[in-house]
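Written below as structure tokens is the structure these notes are about.
The values are calculated or read from the model by the stated rules, or taken from the named source; none is laboratory data. It should be emphasised that the depicted structure is a prediction, and the values quoted were computed from it without experimental measurement. Here Cβ is always computed from backbone atoms with ideal geometry, including for glycine, and neighbour counts include all displayed protein chains. Surface accessibility is based on the protein's heavy atoms, side chains included, excluding ligands, DNA and RNA. Shrake-Rupley method; radii C 1.70, N 1.55, O 1.52, S 1.80 Å.
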Amino acid sequence: MVIQQNKPFKIWGHIKAGETVIIKADWQENGVTVKSDASNKFLALINVPAIKRGDYTKHNIKITAGKEEIVLANLLIGDVWFCSGQSNMQFAMREVEGAQTAMKAADKPNIRVLGVKFSWHDKPSETFEGKWQECSPESVREFSAIGYFYAAELQNKLDIPIGVIYSGVGGSVAQAYVAEDVLAADSLLKETYLTPFHKGDAYTKSDLNKFTFGTTSYPYLIYNGMIYPFQNLSIKGFLWYQGESNRSERESYVRLTSTLITSWRERFAQGDLPFYYVQVAPYAYQKMDSTLNDYAFFREKQEQLSRVSNTAMVVTMDVGDPNDIHPKNKQPIALRLARVALNLTYNQLNVIYKGPHFNYAVYNKNKVVIHFEPGTVTGGLKTNDGLAPKYFFVAADDQKFHEANAQIVGNTIVLTCKNVKRPVAIRYAFTNYPVTNLENAECLPAVPFRTDSWQEPDNRATQ
């Protein structure tokens, strides 16, 4: 495995009350001795040093209790990232574009991967099923593509060992990853997610520990089986890609995921751990109607999550597929997550991680000039296909949007539309499945936006 550098490493377990456990890491002069408590549990903390670039020394830790001895060998000290979410984070390396070439290049033993088997429990569990493996073409075959590509990019740029864990499952809802007591403590979350579940047949008449097709849609069960077991593990931060299964929600999803972030940080007890997440990609949901925008309103809510401290969102509007909820081009998403981490976590401030982000607009009769936030158009604006920017719409006071002609002028976009004489509002990529082409010089796509605050039409997707 990889042990998180520069943080205490916890070793815990069970042994008869009052028994002595001795833990000795090979980087320490002296071991650590602890005794188990009345409940037959012990917990020891080992200080782990910071490492230097290029240090791939293999370490071991020896745990001794009486005549029993366990040796943890082939350990690297580096950074550990914890990935979770639903199917697009689970999406395996064998499924990506150019899978064979990508997997052949995955002979990287200084990256360690841990895929956690799907598990759910009605009560928190201390154990999980899965094992750490050296990164190889075989070990990454079924592993998270985003997790692998992210780890490979960080390892290449930082020249240190990287450990990456994927613990999540396809089709899962966000409330499945939040503890029961945390949901119960918030009136909105309790009313929206917990109470309906507790009143339903699944809770009152079924064994929750037996799988049904509803298991991934129930609150807190996946948290108990796949998040709780890791709370003693020191990590560098979280990566999250989820939302498709909550797409019909709005304010409750923002509260839910914000609470997920803060509660994970509290339970892992390592401060404001970085939490970097992915906005859902364009997808039509079998409704090829270019005017539908319920998914865009959901993406807007996802963007609001970046108001939580030490979070950042990655945009996927240019790598989606209207006909496939699991777009196969996962490497750009992972590389964008890595850019975020390199800048915000590793203080490589020269690494650009933001795509063009709307700042303000100037309206001149039938023309609109869009300005973007400074720093998000470094190197200028361009399109990835050499054509004019797509998916800009303008509306007058009648709230009817018409497609606008868009032109790049310096670091601005100039819009004109003969059907709207006095535009008062703009929307960009604010429909369900627009695959966009506007980006900055770093090939980072523009963030979808709208300038109006008009109410969402009543055509919201259903689960």
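Using a simple charge model, +1 on the beta-carbon of Lys and Arg, -1 on the beta-carbon of Asp and Glu, nothing else, what dipole does the chain show about its Cα centre, in debye to the nearest 20?
Around 500 debye, computed over the chain.
Too long at a 31 Å Cα-Cα cut-off: which of 199/287; 117/236; 7/190; 236/301; 10/199; 35/131?
Check vs 31 Å cut-off fails for 199/287; 7/190; 10/199.
About the Cα centre of segment 144-234, what is the dipole size in debye to 20, counting +1 per Lys and Arg Cβ and -1 per Asp and Glu Cβ, all else neutral?
Dipole magnitude for segment 144-234 comes out near 180 debye.
With every protein chain present, what is the per residue accessible area of segment 145-229 (1.4 Å probe, Å²)?
Accessible area per residue, segment 145-229: 37 Å².
Normalised by the residues of segment 383-436, what does the relative contact order come to in percent, with Cα pairs under 8 Å and at least six apart?
39
Short version: what are the Cα gyration tensor semi-axes of segment 311-463, square root of 5 times each eigenvalue, largest first, in whole Å?
Sorted largest first and rounded, they come to 27, 20, 14 Å.
If you take the beta carbon distance between residue 57 and residue 346 as r and set R0 to 25 Å, what does 1/(1 + (r/R0)^6) give as a FRET efficiency, to the nearest 0.05?
0.75
Which one of 150, 168, 212 has its Cα pushed farthest toward the positive end of the charge dipole of segment 129-220, where Lys and Arg give +1 and Asp and Glu give -1 at the Cβ?
Selected residue: 212.
How large is the dipole of segment 193-348 about the Cα centre if only Lys and Arg carry +1 and Asp and Glu carry -1, each at its Cβ, rounded to the nearest 20 debye?
320
Calculate, in whole percent, how much of the Cα-Cα pair population of segment 144-302 lies beyond 21 Å.
53
Which whole-number percent is the relative contact order of the chain (Cα, under 8 Å, 6+ apart)?
13
For segment 400-463, what's the radius of gyration and Dmax over Cα atoms, in angstrom?
13.9, 43
Could you tell me whether segment 1-91 comes out rounded, prolate or oblate from its Cα gyration tensor? Rule is a ≥ b ≥ c as square roots of the eigenvalues, rounded for a/c under 1.5, then prolate if a/b exceeds b/c, otherwise oblate.
oblate
What is the gain in length, in nm to one decimal, between residue 369 and residue 396 on full extension, counting 0.36 nm per residue of separation less the C-alpha to C-alpha distance?
8.2 nm
Quick one: accessible area per residue over segment 257-379, 1.4 Å probe, rounded to a whole number of Å²?
40
So, with a 1.4 angstrom probe, what is the percent of accessible area on segment 108-214 that is carbon and sulfur?
50
Grab the other residues whose beta carbon is less than 14 angstrom from that of residue 339, score K and R as +1, D and E as -1, and report the net.
0
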